[in-house]
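Here's the structure we're looking at; comments come further down.
Readers should treat all values here as calculations from the given coordinates under stated rules, not as data from a laboratory. Quantities reported herein were computed from a predicted structural model and do not represent experimental measurements. As a convention, Cβ positions derive from the backbone with ideal geometry for all residues, glycine included, and neighbour counts pool all protein chains shown.
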Amino acid sequence: MKIQPDVENLKIRRTQEFSYEELEQATDGFSEDSQVGKGRFSCVSKGILRDGTSVIVKRAIKVSDAKKSSKEFHTELDLLSRLNHAHFLDLLGYCEDGSERLLVYEFMAHGSMY
């Protein structure tokens, strides 16, 4: 079952929709070498987009309830696209492809998220 994103109803700002293939290529197939963190609900990988931009890609771990997962993803995407604060990484874009849910953030070189 493929769930289509209902992004038209969201007020997404300043973000780009990426293809799954583009993010897969940027992170070397989400390889372990590109992985910079892993939690209970997501894996975080460093990548480089085709235009040379360094990014962090947060890939949600697939869950059995795809409808609930999609709704939560849209809520998070809507909220994050509105944030503009010095203590938050900028959300550059997102990808929703089948059961894949990914958020793309700016990369903070030599920085810390803590």
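First select every other residue whose beta carbon is under 12 angstrom from the beta carbon of Gln35; then total the charges, Lys and Arg +1, Asp and Glu -1.
Neighbour charge sum, excluding Gln35 itself: +1.
Which aspartates and glutamates, if any, have their Cα less than 14 Å from the Cα of Lys46, not counting same-chain residues under 8 positions apart?
Cross-link targets: Glu22, Glu24, Asp28, Glu32, Asp33, Glu106.
What order do you get for 91-99, 38-46, 21-29 when each peptide is scored by the mean count of other beta carbon atoms within 10 Å, highest first?
91-99, 21-29, 38-46
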